[in-house]
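The values are calculated or read from the model by the stated rules, or taken from the named source; none is laboratory data. Here the structure is a predicted model, which is why all the values come from computation and not from measurement. Positions of Cβ are backbone-derived with ideal geometry, glycine not excepted, and every protein chain shown enters the neighbour counts.
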Amino acid sequence: MASQGGMSYATLAFMARPIGGRLSEAFRATYEAADVSQEDIAAALGVDQPTVSKWARGMRRVPLEALPVSEKLCGVPRGTILRRAGFVDDIGLQTIEDVINADPVLSDADKKHLLSYYQFVRAESALSAR
């Protein structure tokens, strides 16, 4: 097996692949459509711009805690990024929990994070409604 510096090419290819996937694409599409810069998002989240760039390019996973802040900054309803990523369906075939838990592509950790974010958004919305 061919290798580079002791690692197989398959390992190197795996390590170089984007890990953010649909969530990164939806995150980027949302702030670009709202004409919000990576610098603006970074400042709102207390991170540096290169970190936001890595999220947007799929080189790092977008932390779910960043979604409500980013959505507010972009002037879009909560849950927009998850809907754009295909994690939440507006049609409402089932509960959001059922859809997330039934998704065969998501890891158990991803499911846990998505459910946690959903519960966070619901709690924040309930507080805002008061």
Set Leu82, Leu114: member being over 12 Å from Phe27 (Cβ atoms) and at pLDDT below 90:
Leu114
So the check is Cβ under 8 Å with 6+ separation or different chains; which pairs have a first residue in region 103-130 that's touching a residue at least 40 places away in the same chain (Cβ under 8 Å) and in a helix (DSSP H, G or I) and a second one that's surrounded by 10 or more Cβ atoms within 10 Å (Cβ to Cβ) and among the basic types (Lys, Arg)?
Val121/Arg78; Glu124/Arg78; Ser125/Arg78
Some residue of region 41-55 being touching a residue at least 24 places away in the same chain (Cβ under 8 Å), basic (Lys, Arg) and either closer than 15 Å to Ser24 by Cβ or crowded, with 16+ Cβ neighbours inside 10 Å (or both)
no
Only one residue in Leu45, Leu73 is at pLDDT 95 or above, closer than 25 Å to Lys111 by Cβ and among the aliphatic types (A, V, I, L, M), so which one is that?
Leu45
